[in-house]
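Derivation of every value follows stated rules applied to the coordinates shown; laboratory data play no part. Remember, predicted model here, so these are calculated numbers, not experimental data. As a convention, Cβ positions derive from the backbone with ideal geometry for all residues, glycine included, and neighbour counts pool all protein chains shown.
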Amino acid sequence: MAEPLTPLLVILGPTASGKTTLGLEAAEALGGEIVSADAFAVYRGFDIGTDKPSIQDRERVRHHLVDVTDAGRRFSAGAFAEAADAAIADIAARGLTAIVVGGTHFYIRALLQGLFPSPPRDPEIGARLAGEWSLDAPAVFRRLQAIDPDSAERIGPHDRQRILRALEVFELTGEPMTTHWQKHAPPSKYDPLLVAPNRSREELYARIDKRADSLFASGLVEEVQRILASGVPVDAHALKAIGYREVVEMLQGRCDLEQAVEDTKRSSRRFAKRQITWLRGLREGTLHWVPPADHGGVSAVIDLWEAHTKKRRKR
């Protein structure tokens, strides 16, 4: 007989929607631990700009995959899925509930569906694409938009490594990444309950703007200066995160502080829009929209989780 799938609570959603608070309170109510699915919270020293869970929050509820690597390294979706699998197994072995919380939806897809076997890298194609990027990055991104609009929407215009890899895969196989994902047969490992805090677009954008102001007031510029002074190269992937890249541009004299704050707000709103588009086309399962934590969302999550696990017991 096939092994039963591991039930897994996944709290996702657009940036600034309240995932962290909802996950924290749900974990306390369910006696669980959190597995962070944030592509930048994994980096040590990146605290303010990632809005990383505070030390106090991590004392309230144990968090996994926060502060696990140095900023000079690239933490891939495959590395995340492997580490998250191990953390979830450890949590389950101790009889606790694993709760995946985060807005890096590609990480969540890699965890729930695995990664399709992509072709080996071609150094010649990679070098050519890198040269084209250095000459005209927007034109390279427009090329990806033309051949694979879904991947372009998901990746965004600033993630050089993933944009170039998507184009490389297309050149090597003749098919866009989206087609490879559609053909990919996901492994049966988890039985996920997917929930997201529901906010109006207007409220979400207001929260994004307020958080950007708070990040800069809390010392984001000084944090980036410390990171650069520690030897992290200015072109490190970790410094491509929203907020960090705008501060780097400011420190390089490309804009002033006021413009950096406004650019951070604009980039965050665009990112939220891409995340919402992703959620509407979610293939990992049915998404349940619940109220935010400050509007009774935790009770809704608990009710959904109890119904989810009860249904499993009846099978």
So if I take the centroid of the Cα atoms in the stretch 43-77 and the same for the stretch 111-127, what is the distance between those two points in Å? 26
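Can you figure out the FRET efficiency of Leu304 with Ala146, using R₀ = 41 Å and their beta-carbon distance, to the nearest 0.05? Each step should come with its number before you reach the end.
Details: r = 40 Å, r/R0 = 0.98.
With R0 = 41 Å, the Cβ-Cβ based efficiency is 0.55.
Dividing the convex hull volume of the Cα atoms of the stretch 123-182 by its residue count, what figure in Å³ per residue is obtained?
Each residue corresponds to 68 Å³ of Cα convex hull volume.
With only Lys, Arg, Asp and Glu charged, each at its Cβ (+1 for the first two, -1 for the last two), find how big the charge dipole of the stretch 16-112 is about the Cα centre; round to the nearest 20 debye. Let's see the in-between values first.
Values: 10 positive and 13 negative charges, 35 e Å.
For this selection, approximately 160 debye.
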Which entries in the list Lys52/Lys265; Lys19/Lys265; Lys19/Lys240; Lys183/Lys265 go over 28 Å, if you measure between the two C-alpha atoms of each? Lys183/Lys265
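I need to check one value: relative contact order of the stretch 123-182, counting alpha carbon pairs closer than 8 Å and at least 6 residues apart, in percent.
Details: 43 pairs, mean separation 18.5, N = 60.
Once normalised by length, the contact order is 31 percent.
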Hey, in the GNM for the chain with a 10 angstrom Cα cutoff, which one of Ala137, Ala81, Ala293 fluctuates hardest? Ala137
Nearest 5 is fine: what % of DSSP beta bridges in the chain come out antiparallel, could you say? 0
Just for the Cα atoms in the stretch 121-236, what are the lengths along the principal axes, largest first, rounded to whole Å? 47, 41, 29
Give me the percent relative contact order of the chain, please, defined on Cα pairs under 8 angstrom at least 6 residues apart. 28
Using r as the Cβ-Cβ distance of Leu287 and Ser214, and R0 as 30 Å, what FRET efficiency do you calculate, to the nearest 0.05? 0.60
Among Leu194, Leu304, Leu24, which one shows the highest mean-square fluctuation when the chain is modelled as a Gaussian network with alpha-carbon springs under 10 Å? Leu304
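What order do you get for Tyr190, Tyr43, Tyr107 when you list them from fewest to most C-beta neighbours inside 10 Å? Walk me through the numbers on the way to the answer.
Details: Tyr190 21, Tyr43 29, Tyr107 26.
In increasing order of surrounding Cβ atoms, one gets Tyr190, Tyr107, Tyr43.
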Answer with one residue from Leu129, Ala307, Gly78: the one whose Cα lies farthest towards the positive end of the charge dipole of the chain, charges on Cβ with Lys, Arg +1 and Asp, Glu -1. Ala307
For Kirkwood radius over Cα pairs in Å, one of [x] 20.6; [y] 21.5; [z] 24.8 was computed from the structure I shared and the rest are decoys. Which label? [x]
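Over the stretch 223-311, calculate the relative contact order: mean separation of alpha carbon pairs under 8 Å at least 6 apart, over the residue count, as a percent.
Values: 31 pairs, mean separation 13.4, N = 89.
Once normalised by length, the contact order is 15 percent.
For a quick check of your reading of the filter: which trypsin sites (Lys or Arg not before Pro) in the stretch 1-76 sit in a DSSP loop and have no more than 10 other Cβ atoms within 10 Å? Working shown, then result.
Details: sites: Lys19, Arg44, Arg58, Arg60, Arg62, Arg73, Arg74; in loops: Arg44, Arg62, Arg73, Arg74.
Passing sites in the stretch 1-76 do not exist.
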From fewest to most C-beta neighbours within 10 Å, the residues His158, His180 line up as His158, His180
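Taking loop as defined by DSSP and a crowding limit of 13 other beta carbons within 10 Å, which trypsin sites (Lys or Arg not before Pro) in the stretch 230-303 fit?
Details: sites: Lys240, Arg245, Arg254, Lys265, Arg266, Arg269, Arg270, Lys273, Arg274, Arg280, Arg283; in loops: Arg254, Arg283.
For trypsin sites (Lys or Arg not before Pro) across the stretch 230-303 that sit outside H, G, I, E and B with at most 13 neighbouring Cβ atoms in 10 Å, the list reads Arg254, Arg283.
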With Rg from the Cα atoms and Rh as the Kirkwood inverse mean 1/r over Cα pairs, the stretch 7-161 has an Rg/Rh of 1.02
Taking a point 7 angstrom from the Cα of Asp70 along the C-beta vector, which residues in the stretch 30-55 have backbone N less than 13 Å away? 44-45
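By count of other Cβ within 10 Å, fewest leading, how are Asp209, Asp122 ordered? Don't jump to the answer; show the numbers that get you there.
On the way: Asp209 18, Asp122 14.
Least to most surrounded, the residues fall as Asp122, Asp209.
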Can you show me the helix-derived [θ] at 222 nm for the chain, built from DSSP H runs with n ≥ 4 at -39,500 (n - 2.57) apiece and divided by the number of residues, rounded to the nearest 500. -17000 deg cm²/dmol
